[in-house]
Amino acid sequence: MYHAETWREKIGLFLTILWPIVVTQVSFFAMKLIDTMMAGRVGAVDLAGVAIGASLWMPIFTGMNGILLAVTPIVAQLIGSNERHRIVDSVRQALYVALMLAIAVAGVGALVLEPVLAFMKLEPNVAYISYHYLAGLALGIIPLFCTNVLRYFFDAQGYTRITMVITVLALPCNAVLNYGLIFGHFGLPALGGIGAGYATAITYWIMFVISVTMTFRIRVLRQYRLFQQWVKPSLRAWKEQLRIGVPMGLSIFFEASIFSVVTLMMGRMFATVTVAAHQIAFNFTSLIFMIPLSISMALTIVVGFSVGAGNLQAAKQYGKLGVLSGIGILGISALFLYFLREPIAYLYTTEREVVLMASQFFIFAIFYQISDAAQSGLQGVLRGYKDVKLPFVTAFISYWLIGIPSGYLLASATALGPFGFWIGITLGLTCAALGFFLRLRVVQRRVREQLE
């Protein structure tokens, strides 16, 4: 990390940090993509089962991961203010938090998963696959959360290539494990969609081992002696982490959960074919969203670094660069999505009825993606300022009080049917983007006045 002076230098630094994050996010998402595609090749029931399981898991994971994401602005601002000596203790305390969160999630999941699936009134085979998919996945929660802490420790210092290498190495392992456990190759049992959960859990352990190894093998990381000296758990350090992380986690949870809630509602209101088609459209558009999401994460790093050094002009310029880039990229991708929607659907399934419905979902997805890119970039900027409380309230209102209710009304009371949910999602994301934009203007003015 360094303080770029000209626009050309800022763009260069931003891209240097960004492109490994994009590769990392796409690779990480590709693991879920492989799960869904391979499960779809087994049949619509396995595809729907994995879709329901993933829809239950993703908002929990993203919410908890949002708490751990607080490591990024904390470390970035410490670097910007030249307080590197405080970094290692912050990361160690974050690892304690990650361990506690992982144990809590696994424990609560063991208690409530079966009742939740029963409440959804799914087809018995779909419910069975969802339950055991998540049971397998639970074996990898602890290494996943700890790996993400290490990732944000690497990334906040600008070493985004390290995480990229780790994820790229893990991706083929995940593909091979999925192939073996889903279809029964290499002497492994043929578990169908359930096998995807166990394959992913094993992959998380592989990523954790590689991440820890990196802290010993790479010189710039070895100097921190992260796993060689330990400190006692500190409630004060946890409080700082949670003060920033909990609102971030809840904001991310509210956004991720609207898609999961929509999937769960569709499971109750519509047939398995509709659930499978929705999951295909959501899964692929989520892959595209990895680009603006990566931009958001890069924005948190460069904005946090600039704010920590008191360079507010640079922070503002990075914000404009990142947000507009995300919107532009999603606008271009919308054209390709429209013309290639059926061939994309065929990557997931060979069932014509599912393909036709998925292609219709893709059309509605084009509209929500632009708003999603805007709100994601703006949130990344706000996190760089460590401003998280009011964005959390904005996210809750936009997604849960506007997006979900309006989507349900359109789906249940109009001829739009399941497509009404996607219109509701678009409305919620647009409201969130507007709210984050207004909040950013207030924060930038307030921070400028404090420094003056």
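May I ask for the net charge around V42, where only other residues with Cβ less than 13 Å from the Cβ of V42 are counted and Lys, Arg are +1 while Asp, Glu are -1?
Details: positive: R41; negative: D35, D46, E351.
Overall, the nearby charge balance is -2.
With a cut-off of 8 Å between alpha carbons and a minimum separation of six or more residues, what is the relative contact order of the stretch 140-210 in percent? List each step's numbers first, then the result.
Details: 70 pairs, mean separation 28.5, N = 71.
Taking the mean separation of contacting Cα pairs over the length of the stretch 140-210, I get 40 percent.
In degrees from 0 to 90, rounded to the nearest 10, what is the angle of the helix 141-156 Cα long axis to the longest principal axis of the chain?
On a 0 to 90 degree scale, this one is about 40.
When all protein chains stay in place, what accessible area (Å², nearest 10, 1.4 Å probe) is found for E353?
The value for E353 is about 130 Å².
Of the accessible area of the stretch 114-198, with the probe set at 1.4 angstrom, what percent is carbon plus sulfur?
Details: 2370 of 3400 Å².
Carbon plus sulfur share of accessible area: 70 percent.
Tell me the accessible surface of R243 in square angstrom (1.4 angstrom probe, heavy atoms of protein chains only), to the nearest ten.
For R243, the solvent-accessible surface is approximately 120 Å².
Which entries in K32/K320; K316/K386; K10/K389 show an alpha-carbon gap greater than 22 Å? Before the final figure, lay out the partial values.
On the way: K32/K320 31 Å; K316/K386 14 Å; K10/K389 29 Å.
In this structure, K32/K320; K10/K389 exceed 22 Å between Cα atoms.
With all protein chains present, how much of the accessible area of the stretch 247-385 (probe radius 1.4 Å) comes from carbon and sulfur, to the nearest whole percent? It would help to have the intermediate numbers written out before the result.
On the way: 3140 of 4430 Å².
Heavy-atom surface of the stretch 247-385 belonging to carbon and sulfur, 1.4 Å probe: 71 percent.
Take D35, D46, D89 and sort them by solvent-accessible surface of the protein heavy atoms, 1.4 Å probe, largest at the top. Before the final figure, lay out the partial values.
Working: D35 5, D46 25, D89 70 Å².
Largest accessible area first, the list is D89, D46, D35.
Within the set of other residues whose C-beta is less than 14 Å from the C-beta of Q369, count the net charge using Lys and Arg as +1 and Asp and Glu as -1.
Working: positive: R341; negative: E255, D372.
That works out to -1.
Can you tell me the 0 to 90 degree angle between the C-alpha axis of helix 124-137 and the longest principal axis of the chain, rounded to 10?
Orientation of helix 124-137: about 30 degrees from the principal axis.
Give the relative contact order (percent, whole number) for the chain; include only Cα pairs under 8 Å separated by 6+ residues. Write out the running numbers ahead of the final one.
Values: 697 pairs, mean separation 99.4, N = 452.
About 22 percent, as a whole number.
Apply the Karplus curve 6.51 cos²θ - 1.76 cosθ + 1.60, θ = phi - 60°, to the phi angles in the stretch 390-400 and return the couplings in whole Hz, x for Gly and Pro.
Per residue, the Karplus-derived 3J(HN,Hα) values read 5, x, 4, 5, 4, 4, 4, 5, 5, 7, 9 Hz.
Choose one of Q25, A54, V165: the residue whose Cα lies farthest towards the positive end of the charge dipole of the stretch 23-182 (beta-carbon charges +1 Lys, Arg; -1 Asp, Glu; about the Cα centre).
V165
Skip the ligands, DNA and RNA, and give the accessible area per residue of the stretch 291-378 with a 1.4 Å probe, whole Å².
Averaged over the residues of the stretch 291-378, the accessible area is 38 Å².
Taking all pairs of different Cα atoms in the chain, averaging 1/r and flipping that mean, what Kirkwood radius in angstroms comes out? Please report the intermediate quantities before stating the final value.
Numbers: mean 1/r = 0.0450 Å⁻¹.
Final number for the Kirkwood radius of the chain is 22.2 Å.
Of N178, L293, Y348, which is farthest on the positive side of the dipole of the chain, counting Cα position, with +1 on Lys and Arg Cβ, -1 on Asp and Glu Cβ, and the Cα centre as origin?
Of N178, L293, Y348, it is L293.
Can you give me the angle between helix 272-308 and the longest principal axis of the chain, using Cα atoms only, in degrees from 0 to 90, rounded to the nearest 10?
Tilt of helix 272-308: around 0 degrees.
How much accessible area per residue does the stretch 13-154 have, counting only protein heavy atoms and a probe of 1.4 Å, in square angstrom? If you can, show how the numbers build up before the last one.
Details: 4890 Å² over 142 residues.
With the other protein chains kept in place, the stretch 13-154 gives 34 Å² per residue.
Rounded to the nearest Å, what's the spacing between the alpha carbon centres of the stretch 340-392 and the stretch 8-50? Just the number, please.
Between the Cα centres of the stretch 340-392 and the stretch 8-50 lies a distance of 13 Å.
The values are calculated or read from the model by the stated rules, or taken from the named source; none is laboratory data. No experiment lies behind these values; they were computed from the predicted model shown. Please note: Cβ atoms are built from the backbone with ideal geometry, for glycine as well, and neighbour counts cover all protein chains shown. To get the accessible areas, we keep the full protein, side chains included, count just its heavy atoms, and leave off ligands, DNA and RNA. Shrake-Rupley method; radii C 1.70, N 1.55, O 1.52, S 1.80 Å.
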